[in-house]
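The values are calculated or read from the model by the stated rules, or taken from the named source; none is laboratory data. Worth saying up front: this structure is predicted, and the values here are computed from it rather than measured. Cβ placement follows ideal geometry from the backbone for every residue including glycine, while neighbour counts extend to all protein chains displayed. Please note that ligands, DNA and RNA were not included when accessible areas were found on the heavy atoms of the full protein model with its side chains. Shrake-Rupley method; radii C 1.70, N 1.55, O 1.52, S 1.80 Å.
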Amino acid sequence: MVLPFHVFASSDLGKVRIGNITAFTGEVFVRTNGEWDRLGKTPHPIYSSDKVVTNRGRAEVSLADGEVLKLDTDSNISISQHKEKTGVFFKERVKSTQIDVLLGKIWFDIQSREKGNQIKFRTPSMTALIRGASGVAETNQRGESNFGLISGNAEASGYYENPSDMNPPDVDEYAENLRSDSGRANSDIQKLVKKAVQRQRAAKRAVADATVRIKKTDENDIREMALAAAAKAEAASAQAAADILSAQAVLTDAEQMKDEDMITKAQGFLNDIMDIADRAAESAQMTVQMADAALSATTPEISQAYAEAAMAFSSAAEANANATNAAVNVAEITVSDNDEEGMEAAKGEVEKAKRHAEKASAAAQNAAAQARAAANADTPEAVQAALAAAVANGAAASANGEASKINAIIAKALSTKNSDSVLKIQNTAGRAEGMAEEAFVRAENASVLAERAANATTKAGAQAVLIVAKAQAAAAKAQSAAAKAYAAAAKANANVAVRQASGDDRGAKLAQVEANAAEAHASISTRAAQNASGYAEIALKALTEKEATDAADDADDAFGDAEQAANNAENAANNTEETEEDSFTPGTGGASPTEKHQLPPIQTNPFQHDEGSASDK
């Protein structure tokens, strides 16, 4: 059985820090890469395209060049940084920093900047270019703006009035003494942020609870595995539903800024995310149906077949949730940066994630069909063959779920324009996609063989086909394990990028050791999966039952090797997430290739049979 749970969520993947929140009081939220975080301590990093929202709270933001922003209660801003390549060697330099004041009052102190390197303030009704000035920018819930300078100068255009109060908000004031602006606090833009934060928190709790349940469940306990699959699918559906609210918040931002082009783009993203989330919900519903069937089945074999189908649908729900998570992140950055060209590659990864979700759903449907076939089978061999096909299709769904996770990671890395992290992670993506495709092929083989077993006219013929079907299932499980290993390697490299971005050089070096280990174990898992596929081909072409049985056993052993290497890769990836340096012990990601998994050379077809197959007997 294969039941990992990896709905992707990483808030600052490979992004370059452009500043920090240095002080706050009361309730303050920060959105980075589609993930909301309630501010708990300072300094808190700020990255390009981040959003900072104060409810009954205030915050002070210090940008990298010394600029200071102070946000009053019930304020809502987004910050993006635009760069350009200059010189013979195409070095990047900051061209401008854009601050969208969607709501509330912002006091600013901007240091003198050279020409071509400026800060732009945007409100729904005006724009100001600043290279050195202090003052106030303010927007109410109706989009009306105030703008004024205390010192310096700015190039302002649009419609605005002078602020009535130019004093900076007191960030040190006790939270209980703060008063909300009722108009701003009750505006659609603020209320939607609160809903999005609440829904995302609930989804994260559901994901965490499902993850714990999966880890504690014995894979031989069919009842608990079916229930764990249902919990996993419902958590994934909750995550996708939370992403809908985040996409609605993006649309509300665009509407608040009164930018028709942004509104059109945001509406398109929202429609797409709603469609994907609907598919996640459908997969979750099917998971529950299959889990119920597993609990009420009359035999252990039929119960397991339905449990495999439940796990397959939970993988489809997870894949769709990965797609919505990537899509909402791309939506946020496309709208805030208005950078359509830069997001094309990221949107391509979202499309890949959607295709993997479709593949996972197709495999899940096949698994369900095999579970029903097992329930209606007339012979023990037909039941076992249908079960093997359900297992194979469950593995194919899981492999595609793992591949979608990597697509989500790449989409986030691309959206941050961090080329180093993108290249490292992309190296794992193609391999995982290959594993997912091979798992799907093996699952299709197993489905065809299950049908032949059901139609076999003799017990010996059905038994021969069953053996070959089990070999296909073992190969599919091995491919899924290898895909899981590559997802772990992608996660590890992403965590290295996070540490580099935060300035944790020592942690990044230690994490890189574990990332390298994860990649090594992924390679081992791949080799084992290739062996498993080789043995599955041998079983298909075997001339005797003994040859087919030996090949099936070898394929199952190869799956065990692939699964162990994948677990080692996951352990290594988990080590990169350690936050306390003194607890970060490199090299604990599992046995090295010289200690375990010394596999035989990849087998293609050592018997070289030219005719006949077990499936024809």
Those residues of region 48-85 that are farther than 16 Å from L103 by Cβ and outside any strand (DSSP E or B) come to a total of 6
Hey, can you tell me all the residues within region 151-169 that are surrounded by 15 or more Cβ atoms within 10 Å (Cβ to Cβ) and more than 40 Å from the chain's Cα centre (by Cα)?
G152, A154, A156, Y160, P163
Checking the condition within 26 Å of L251 (Cα to Cα) and among the β-branched types (V, I, T), which residue from V171, V212, V193 passes?
V193
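Condition first: open to solvent by 20 Å² or more (accessible area, probe 1.4 Å) and closer than 17 Å to N271 by Cβ. Now tell me which residues in region 203-244 satisfy that. Please lay out each step first, then the result.
Within region 203-244, the first condition is being open to solvent by 20 Å² or more (accessible area, probe 1.4 Å), and the residues that meet it are 204-209, 211-224, 227, 231, 234, 237-238, 241, 244.
Residues satisfying the conditions are A241, I244.
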Filtered residue count, region 355-391, keeping only those that are more than 16 Å from E444 (Cα to Cα) and of a type in the set (D, E, K, R)
4
How many residues does region 170-197 contain that are closer than 22 Å to M257 by Cβ, open to solvent by 20 Å² or more (accessible area, probe 1.4 Å) and polar (S, T, N, Q)?
1
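Please enumerate the residues belonging to region 29-47 that are part of a strand (DSSP E or B) and either farther than 15 Å from Q200 by Cα or touching a His at 6+ places or on another chain (Cβ under 9 Å) (or both).
Narrowing region 29-47 to residues part of a strand (DSSP E or B): 29-32, 35-38, 44-47.
Within region 29-47, V30, D37, H44, P45, I46, Y47 qualify.
Would you check which residues across region 487-510 are of a type outside the set (A, V, I, L, M, F, W, C) and open to solvent by 10 Å² or more (accessible area, probe 1.4 Å) and list them? Steps first, answer last, please.
Within region 487-510, the first condition is being of a type outside the set (A, V, I, L, M, F, W, C), and the residues that meet it are 491, 493, 495, 499-500, 502-507, 509.
Scanning region 487-510 gives K491, N495, R499, Q500, S502, G503, D504, D505, R506, K509.
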Tally of residues being within 15 Å of K541 (Cα to Cα) and either within 27 Å of the chain's Cα centre (by Cα) or open to solvent by less than 10 Å² (accessible area, probe 1.4 Å) (or both) across region 426-463
4
